[in-house]
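The values are calculated or read from the model by the stated rules, or taken from the named source; none is laboratory data. The structure displayed is predicted, hence computed values, not measured ones. Cβ: placed from backbone, ideal geometry, glycine included. Neighbour counts: every protein chain shown. Ligands, DNA and RNA are excluded from the accessible area calculation, which covers all protein heavy atoms including side chains. Shrake-Rupley method; radii C 1.70, N 1.55, O 1.52, S 1.80 Å.
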Amino acid sequence: VSAVRHSYHDNPFHNFYHAFSVFQVAYMLVMATKAKELLRDTDLLAVLTAALCHDADHPGVSNDFLIHAESPLSLLYNDVSVLENHHCRTAFEILLMDDQGIFKGLTHDERTEVRRAIVSSILATDMRYHASY
């Protein structure tokens, strides 16, 4: 959690306090509903990890700003969900530190499934595609 916290900048909104609030709400929703009975441990790991990491290393500007500025990030991600792709990359750089970090006890198939769910969840935060979900 400390490494994730340090990936957040002191932005007015996309900061660690926002990330932790999203994490806390996700946890509350799971615990206050039947989701806790329906989700497997790996699902819960994915949901809570995505919630905490969904804005990791956010520069404080929008996708459109980065695209119009022809920033290195927009070029890297071909103008598609630039920030969300960057948040995923940053999250996994952190999560895979220490020889697979929090995924250490998972099988290869479980790691693949959890990673897929985290990436999908973070990419779904791109406001441009909210109507698609």
Just to be sure, is VAL61 modelled with pLDDT of 95 or more, among the hydrophobic types (A, V, I, L, M, F, W, C) and either in a loop (DSSP other than H, G, I, E, B) or at positive phi (or both)? yes
Take LEU66 and decide whether it is in contact with a helix residue (DSSP H, G or I) (Cβ under 7 Å, 6 or more places away or on another chain) and hydrophobic (A, V, I, L, M, F, W, C). yes
Within the stretch 32-51, is even one residue within 19 Å of TYR129 (Cβ to Cβ), charged (D, E, K, R), part of a loop (DSSP other than H, G, I, E, B) and out of contact with any Ser or Thr (no Cβ under 8 Å at 6 or more places or on another chain)? no
Determine whether HIS86 is assigned to a helix (DSSP H, G or I), open to solvent by less than 20 Å² (accessible area, probe 1.4 Å) and out of contact with any Gly (no Cβ under 7 Å at 6 or more places or on another chain). yes
Please identify the pairs in which a residue from the stretch 117-133 that is modelled with pLDDT of 95 or more has its Cβ atom under 6 Å from the Cβ atom of a residue that is small (Gly, Ala, Ser), counting only partners at least 6 apart or on another chain. ALA117/ALA46; ILE118/ALA46; ILE118/ALA50; SER121/ALA50; ILE122/ALA50; LEU123/SER81; ASP126/SER81
For SER74: the one exception among (1) part of a helix (DSSP H, G or I); (2) touching a residue at least 12 places away in the same chain (Cβ under 8 Å); (3) among the hydroxyl-bearing types (Ser, Thr, Tyr): (2)
Return the residue satisfying two criteria in turn: it lies in the stretch 97-132 and is open to solvent by 50 Å² or more (accessible area, probe 1.4 Å) and at positive phi, and of such residues it is nearest to the chain's Cα centre (by Cα). GLN100
Return a yes/no flag: does the stretch 44-52 have any residue that is over 10 Å from the mean Cα position of the chain (by Cα) and at pLDDT 95 or above. yes
Taking the stretch 50-72 only, how many residues are open to solvent by 40 Å² or more (accessible area, probe 1.4 Å) and either of a type in the set (Phe, Trp, Tyr) or under 25 Å from ALA3 (Cβ atoms) (or both)? 6
I need the full set of residues from the stretch 21-69 which are of a type in the set (S, T, N, Q) and within 16 Å of SER120 (Cα to Cα), in order please. THR42, THR49
